[in-house]
Structure formats: C-alpha cells, structure tokens
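Note sheet for the following structure.
The values are calculated or read from the model by the stated rules, or taken from the named source; none is laboratory data. All values derive from a computational prediction rather than experimental measurement. Because the Cβ atoms are built from the backbone with ideal geometry, glycine has one as well, and the counts that use them run over all protein chains shown.
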Amino acid sequence: MDRRYQVFISSTFTDLIDERREVMQALLEMDCLPAGMELFPAGNTDQWTLIKGVIEQSDYYLVILGGRYGSVTEEGVSYTEKEYDYAIELGIPVMGFVPAEPDAIAVGKTDRNDGAATKLAEFRKKVQLKMTRDWSNAEDLGSKVTRGLMHLIKNNPQPGWVRGDQAMTPETRAEIAELKAKIALFEKKEVESSVATSTQIDDAFAHGQEEIELALRHKGYDMGHGSVDELGDLTHTWDEVMEVLGPFMIDEAPEPALRKTFNNHLLSEIQNDPDNWTRATSRESAEISDKSWGSIIVQLRALRLITTGTKKRTVSDKAVYWKLTQAGDDYLVSLRAVPSSVIK
C-alpha cells in the first residue's frame, strides 16, 4: 500500500529561507508531505495551539539549526526548541541537522545577543544527543535530508497517510460487514432484554427515600468579596433525583442536557440555603462532580428506571441519550402526578 509521510520542519525562518526551500523540495521529491510555519494559515487560533496540532499529526520531525536561537515564548524558550521538546515528548522520530562550521556562518545570520547565543549552543548539544547530520549549504542540506529521512523511515516505521480508495481493502470491508452484523444482533438482543426486564424496578438497590450525598463545585463572583470557588455537597433522596431528571427523559434526552438540568437544580438549592454557602451576585454556577453524576446514572440503570436511547442519530452526534423504561415512567407518574381532590 502506497504511504505518504507528513514531516514537520522546525527551524528559525528568516535566516534559513533558502535552506528550508531545499528541504521542502527534497521532501516533495520523496512523496512526503512537508509541514512548516510558512504553510500555516492565518487564523484566530493561537500560534502554539496550531503548531502542536500539526506536530501531533506528523510522522517524522526534522529540526534544522543555523546561527540564531529564534523568537522565544513567554517561558524564555525558543519556539524551535519548544517544538523539538514536544516532538520528543510525543515519541515522534526526530532527526537534527546542525551546521558543519558554526563559526563560518555570516554575521547577519547569527545572534548578536550573548544570551541567545548561549541558549543556541545548549540547544545544539541537546539535539546532538539524538541522530544528527552536519550540513554546509542549502544544497548539501537537501541531500542530507533525503538520505537521513530514508534511514529514519526504515528504522522507525510510522502509520503515514494513504489514499481513501486504497485504505479499504476487500478483507477490511468484509470484516466491517461482519462486525456490523454482530452489533445489530447484539442491539436487538439488548432491546428485547430491556423490554423484558424494564416493567418493574429492581428494589434490591437503594431507592425512594434512601439518600445519596452529591459532591459539587459552586462558583461565582461577589462584588464585595471577589471570586467564589468552593467545594461542597448536598444530600438528596433518590425520589428527589428522579423527580428532577425524570420528566426530561420521557422522550430521549442527551446526557449533557440532563446534567445541565441537574446543575441548575443544585444551584437553586444553594441559593435557597445561603447560610451554608458563600453568596455570589453574578456569574454563579453549580456543577456536580463526575463521580456523583456517574453514581446517579449507574443507580437509575440498576433500578431499571432508565435505559439508553435507541433512536438513530447523525454521525456527528456523539452524546449518550437516556430515556425512561416503562418501570421508570410508571414510577415518575406515581411521584409527580397530582391526585384528584374531588371525593366521590
């Protein structure tokens, strides 16, 4: 299968324009996909976030050192060195290219600041701890990149990129079809099992007036005291939990929306109990902890009050949907329905 590899090229820019051009050409002649700062589109994404994303998608990483350390980040590290460290952290195969004669580099292409020169020397030593090649001019660098990258690919195989029409082999199609059939059969059995067991709750688990302690975070802002950010907990009965969430699951509801509903309920509880919580006058919110929310979902499932939704969704919809079982619907009605006051 024909693969192409994305190769990230890291270096200072204005002093190595010709050298980068030669490297780009060498990579294109090897049917590789070069990625570098001159190819980044203008946009609202901050520079480092964009660079990280491109490095993460790359198969190999090449760093070219010249006579300049380059522009630095807020941490005082050059972007070139920060990129190099990130590639190492991700485990991407790297290769460095250092000047054969650093002292021969033209003055206009070197750092005039002693501090930057010192950092460049330290960075060069770091790069030389890994595989490196010396280069003397742009043409020499291009040929060194070709030979060096061939060696890197041979000894460090990476996934690379393939054309979409080549990625799906007949064997892969057959395997996917088989898996789809198994999934369909499993879903059918799960639905049948759910229907058979969801007509009554399983009272072997805590329910009704039994209590659960829910951990949460309360945030906001008070003009008099500044930011509010506190952890705490509230105690609810399982019936109270069901009364809050149940009506929204009569039809299928996405879990993020259910969690937001419950957060709003918790905020209301906090606002009605000012003695135990810090007062916030604006931007106030409450958020249940992941652990407590998980406990609610697991318990309601164990009680057979809820089950996962079965309606078809768009491919882009990754949310988990929940709905009441028949037992859950009956239980909610018994909790929320108002009996008639008329005596017959």
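Filter the range 303-316 down to the residues that are more than 13 Å from M242 (Cβ to Cβ) and either over 24 Å from the mean Cα position of the chain (by Cα) or modelled with pLDDT of 95 or more (or both) and list them by number. It would help to see each step written out before you state the result.
We begin by selecting, within the range 303-316, every residue more than 13 Å from M242 (Cβ to Cβ); these are 307-316.
Those that are more than 13 Å from M242 (Cβ to Cβ) and either over 24 Å from the mean Cα position of the chain (by Cα) or modelled with pLDDT of 95 or more (or both): T307, T308, G309, T310, K311, K312.
If I ask for residues that are farther than 25 Å from G160 by Cα and modelled with pLDDT of 90 or more, which ones from the range 38-69 would you list? Walk me through how you get there before you give the answer.
First, the residues of the range 38-69 that are farther than 25 Å from G160 by Cα: 42-46, 65-69.
Within the range 38-69, L65, G66, G67, R68, Y69 meet the criteria.
Take G160 and decide whether it is modelled with pLDDT of 70 or more, within 30 Å of E56 (Cα to Cα), in contact with a Phe, Trp or Tyr (Cβ under 9 Å, 6 or more places away or on another chain) and not charged (D, E, K, R).
When the stated conditions are applied, G160 passes them.
So T110 fits all but one of (1) surrounded by 16 or more Cβ atoms within 10 Å (Cβ to Cβ); (2) in contact with a helix residue (DSSP H, G or I) (Cβ under 7 Å, 6 or more places away or on another chain); (3) farther than 30 Å from N155 by Cα; what number is the exception?
So the condition that T110 fails would be (2).
Would you check if there is a residue in the range 201-217 being of a type in the set (D, E, K, R), closer than 13 Å to W322 by Cα and in the same structural domain as V320 (by TED's automatic domain parsing)?
Within the range 201-217, the first condition is being of a type in the set (D, E, K, R), and the residues that meet it are 202-203, 210-211, 213, 217.
The next check asks that each one be closer than 13 Å to W322 by Cα; those that pass are none.
No, the range 201-217 contains no residue that is of a type in the set (D, E, K, R), closer than 13 Å to W322 by Cα and in the same structural domain as V320 (by TED's automatic domain parsing).
Just checking, which of W293, W277 is surrounded by 18 or more Cβ atoms within 10 Å (Cβ to Cβ) and more than 28 Å from the chain's Cα centre (by Cα)? Steps first, please.
Numbers: W293 fails: more than 28 Å from the chain's Cα centre (by Cα).
Just a single option satisfies the conditions, and that option is W277.
Which residue is surrounded by the fewest Cβ atoms within 10 Å (Cβ to Cβ), if the candidates are limited to the range 237-257 and must be in contact with a Lys or Arg (Cβ under 8 Å, 6 or more places away or on another chain) and farther than 18 Å from L214 by Cβ?
D251
Within the range 250-265, can you find the residues that are of a type in the set (A, V, I, L, M) and assigned to a helix (DSSP H, G or I)? Steps first, please.
As a first pass, look at the range 250-265 and keep what is of a type in the set (A, V, I, L, M): 250, 253, 257-258.
If the condition is that a residue be of a type in the set (A, V, I, L, M) and assigned to a helix (DSSP H, G or I), then A257, L258 are the ones that fit.
Of all residues in the range 302-335, which are assigned to a helix (DSSP H, G or I) and of a type outside the set (G, A, S)?
Going through the range 302-335, the residues assigned to a helix (DSSP H, G or I) turn out to be 302, 326-335.
Passing the criteria: Q326, D329, D330, Y331, L332, V333, L335.
Restricting attention to the range 271-301, which residues are of a type in the set (S, T, N, Q) and assigned to a loop (DSSP other than H, G, I, E, B)?
If we filter the range 271-301 for residues that are of a type in the set (S, T, N, Q), which is where we start, we get 271-272, 276, 278, 281-282, 285, 289, 292, 295, 299.
Passing the criteria: N272, T278, T281, S289.
From the list V127, V162, V94, which residue is surrounded by 12 or more Cβ atoms within 10 Å (Cβ to Cβ), within 30 Å of the chain's Cα centre (by Cα) and either acidic (D, E) or more than 26 Å from W48 (Cβ to Cβ) (or both)? I'd like the intermediate steps shown before the answer.
On the way: V127 fails: either acidic (D, E) or more than 26 Å from W48 (Cβ to Cβ) (or both); V94 fails: either acidic (D, E) or more than 26 Å from W48 (Cβ to Cβ) (or both).
Result of the check over V127, V162, V94: V162.
Condition first: of a type in the set (V, I, T) and either at pLDDT below 90 or not in a helix (DSSP H, G or I) (or both). Now tell me which residues in the range 79-136 satisfy that. Walk me through it before giving the result.
Within the range 79-136, the first condition is being of a type in the set (V, I, T), and the residues that meet it are 80, 88, 92, 94, 98, 105, 107, 110, 118, 127, 132.
I92, V94, V98, I105, V107, T110, T132 - these are the residues of the range 79-136 that are of a type in the set (V, I, T) and either at pLDDT below 90 or not in a helix (DSSP H, G or I) (or both).
Looking at (1) part of a helix (DSSP H, G or I); (2) closer than 19 Å to A206 by Cβ, find the lone condition where S268 falls short.
Among (1) part of a helix (DSSP H, G or I); (2) closer than 19 Å to A206 by Cβ, the lone unmet condition for S268 is (2).
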